[in-house]
Amino acid sequence: MKSKKTKNILLYLSVLLLFICCSSEKQNTIPEETIYFPPVSSTNWETKTIASLNWNATAVQPLLDYLELKNTKGFIILVNGRIVMENYFNGHSATDTWEWNSAGKTLCATTIGIAEQEGLLDKNKPASDYLGKGWANMPLEKENLITVRNLLTMTSGIDDTKQFVIKSNLTYIADAGSRWAYGNVFQKLMDVVTTVSKTSFETYFNEKIKMKIGMDGFWNFGTIYSIYHSNTRSMARFGLFALNNGKWNKEQIINETYFKESTSTSQIINPSYGYLWWLNGKSHYMIPSDQTVFNGALVKNAPSDMYAAMGAKDQRIYIIPSNKMVVIRMGEVADPNNPTFGLSDFDEELWTKISALY
């Protein structure tokens, strides 16, 4: 049986050990860096060096060489909102604009979410509630199955082989929700916003998103495609906004629940697709103009929690929440043999080189 003196000594040692452990933990803890947002009305943007992140400096040049070889024009990496790399190639500059192509679909999805939070629409209601009866070239009972959400998730059931969005091309293939097929019919979401906001889509977008986060750029509403153009930093601003689930600085611009929903699996047919966002790390995926199901993750060499805005000619906004990282790539097509949608070796090789940094 232990004496009272022995017990006191053991108690003292226990307290001393606890104090030493706590002190050591406190000394070794590095305060988490806060997310930085660049000023809305200024070109100033804080930076962070490769060395300060303890990244591998020898991996920088191979990455830059690869980007230039693959016809890149603008490239940015943000960590916690701060610029770690910003590079321009092939005559492009920080002030030059470039096309987002289908990466701009995410701008449309976000605008729809803002209109819904303002009570202007309900994504679960038929699109015909906002577009009018007979907006598609199919029986009304089939048209009425198509909700705004179906347009957001590419599950409208409309023929995806006809990309010119006019009524005669909006024909029935399958019941809404039963088939995933990537197509331009998402552009009808812009008409929905125009109807419910009683102003043009671009005016509403500019007021609710562009001016609030300090983007530049403009929409080009062409005969077939509606495409956003901006400089590379504006794309990075939207990426930072997305990384923070629709929040810019202290303002929650879009409902966080909606934004997280839009960057999560939206239907079981193609789990790698949200509301016009592409999702990594899922069991399988599908690609535009193809009903083939591919097993595995979208970009196997990239972090599994990555979600992305992806456009033709390899326009990219990669968002990696676990690393608090945003990666932007703008430019000409990396592989001329695969110009329409860049899920080719480019994404895998690019992420091999990005991962070598950290």
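The values are calculated or read from the model by the stated rules, or taken from the named source; none is laboratory data. Being a predicted model, the structure only gives us computed values, none of them experimental. We place every Cβ from the backbone using ideal geometry, glycine too, and count neighbours over all the protein chains shown.
For region 153-171, give me each residue that is buried (at least 20 other Cβ atoms within 10 Å of the Cβ) and either in contact (Cβ under 8 Å) with a residue 60 or more places away in the chain or of a type in the set (Lys, Arg) (or both). Quick ask: steps written out before the conclusion?
Going residue by residue through region 153-171, those that are buried (at least 20 other Cβ atoms within 10 Å of the Cβ) are 153-158, 160, 165, 170.
Across region 153-171, the qualifying residues are Thr153, Met154, Thr155, Asp160.
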Among (1) touching a helix residue (DSSP H, G or I) at 6+ places or on another chain (Cβ under 9 Å); (2) surrounded by fewer than 24 Cβ atoms within 10 Å (Cβ to Cβ); (3) in contact (Cβ under 8 Å) with a residue 24 or more places away in the chain - the single one Gln291 does not satisfy: (1)
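If I filter region 39-51 down to residues being part of a loop (DSSP other than H, G, I, E, B) and in contact with a strand residue (DSSP E or B) (Cβ under 9 Å, 6 or more places away or on another chain), which single residue comes out as nearest to Ile209 (Cα to Cα)? Break it down stepwise before answering.
Filtering region 39-51 for residues part of a loop (DSSP other than H, G, I, E, B) gives 39-46, 48-50.
Filter once more, so that each one left must be in contact with a strand residue (DSSP E or B) (Cβ under 9 Å, 6 or more places away or on another chain): 40, 45-46, 48-50.
Working: Val40: 11, Trp45: 19, Glu46: 22, Lys48: 26, Thr49: 29, Ile50: 31 Å.
By that ranking, first place goes to Val40.
Residues that are surrounded by fewer than 16 Cβ atoms within 10 Å (Cβ to Cβ): list the helices (runs of 4 or more DSSP H) wholly contained in region 97-152 that include at least 2 such residues. So that I can check it myself, show each step before the final result.
On the way: elements: 105-117, 128-131, 140-143.
Ranges flagged: 140-143.
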When residues of region 172-202 are limited to those that are without any contact (Cβ under 8 Å) to a residue 60 or more places away in the chain and among the aliphatic types (A, V, I, L, M), the one nearest to Leu107 (Cα to Cα): Val185
Subset of region 43-56 (residues that are within 24 Å of the chain's Cα centre (by Cα) and of a type outside the set (A, V, I, L, M, F, W, C)): Thr43, Asn44, Glu46, Thr47, Lys48
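Within region 87-105, is even one residue over 21 Å from His229 (Cα atoms) and modelled with pLDDT of 95 or more? Don't jump to the end; show me each part of the working.
First, the residues of region 87-105 that are over 21 Å from His229 (Cα atoms): none.
Checked region 87-105: no residue is over 21 Å from His229 (Cα atoms) and modelled with pLDDT of 95 or more.
Mind listing just one residue for me: the one in region 58-113 that is hydroxyl-bearing (Ser, Thr, Tyr) and free of Cβ contacts under 8 Å to residues at least 24 places away in the same chain and, of those, nearest to Phe186 (Cα to Cα)? Please lay out each step first, then the result.
Within region 58-113, the subset hydroxyl-bearing (Ser, Thr, Tyr) is 58, 66, 72, 88, 93, 95, 97, 102, 106, 110-111.
Filter again for free of Cβ contacts under 8 Å to residues at least 24 places away in the same chain, leaving 58, 93.
Working: Thr58: 43, Ser93: 31 Å.
Applying the filter and picking the extreme gives Ser93.
Does Ile50 qualify as being in contact with a Ser or Thr (Cβ under 7 Å, 6 or more places away or on another chain) and closer than 21 Å to Met325 by Cβ?
Values: in contact with a Ser or Thr (Cβ under 7 Å, 6 or more places away or on another chain): no; closer than 21 Å to Met325 by Cβ: yes.
Considered against the rule, which asks whether it is in contact with a Ser or Thr (Cβ under 7 Å, 6 or more places away or on another chain) and closer than 21 Å to Met325 by Cβ, Ile50 comes out as no.
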Tabulated pairs, region 126-139, first closer than 16 Å to Gln187 by Cα and free of Cβ contacts under 8 Å to residues at least 60 places away in the same chain, second in a loop (DSSP other than H, G, I, E, B) and of a type in the set (Val, Ile, Thr), C-beta under 8 angstrom, 6+ apart or interchain: Pro126/Ile146; Ser128/Ile146; Ala136/Ile146
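Just to be sure, is Asn56 loosely packed, with under 13 Cβ neighbours inside 10 Å, in contact with a Phe, Trp or Tyr (Cβ under 8 Å, 6 or more places away or on another chain) and more than 30 Å from Val148 (Cα to Cα)? Before you say what the answer is, go through the steps one by one.
On the way: loosely packed, with under 13 Cβ neighbours inside 10 Å: yes; in contact with a Phe, Trp or Tyr (Cβ under 8 Å, 6 or more places away or on another chain): yes; more than 30 Å from Val148 (Cα to Cα): yes.
Spelling it out, Asn56 is indeed loosely packed, with under 13 Cβ neighbours inside 10 Å, in contact with a Phe, Trp or Tyr (Cβ under 8 Å, 6 or more places away or on another chain) and more than 30 Å from Val148 (Cα to Cα).
Pick out the one residue from Gly239, Gly246, Gly217 that is within 16 Å of Lys324 (Cα to Cα), modelled with pLDDT of 95 or more and in contact with a strand residue (DSSP E or B) (Cβ under 6 Å, 6 or more places away or on another chain).
Checking each option against the conditions leaves just Gly239.
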Contacts under 6 angstrom Cβ, first residue in region 203-226 being farther than 15 Å from Trp98 by Cα and among the aromatic types (Phe, Trp, Tyr), partner modelled with pLDDT of 95 or more and surrounded by 13 or more Cβ atoms within 10 Å (Cβ to Cβ), 6 or more apart: Tyr204/Val193; Tyr204/Ser197; Phe205/Thr111
Complete set of residues in region 195-251 that are surrounded by fewer than 20 Cβ atoms within 10 Å (Cβ to Cβ), in a loop (DSSP other than H, G, I, E, B) and aliphatic (A, V, I, L, M): Ile224
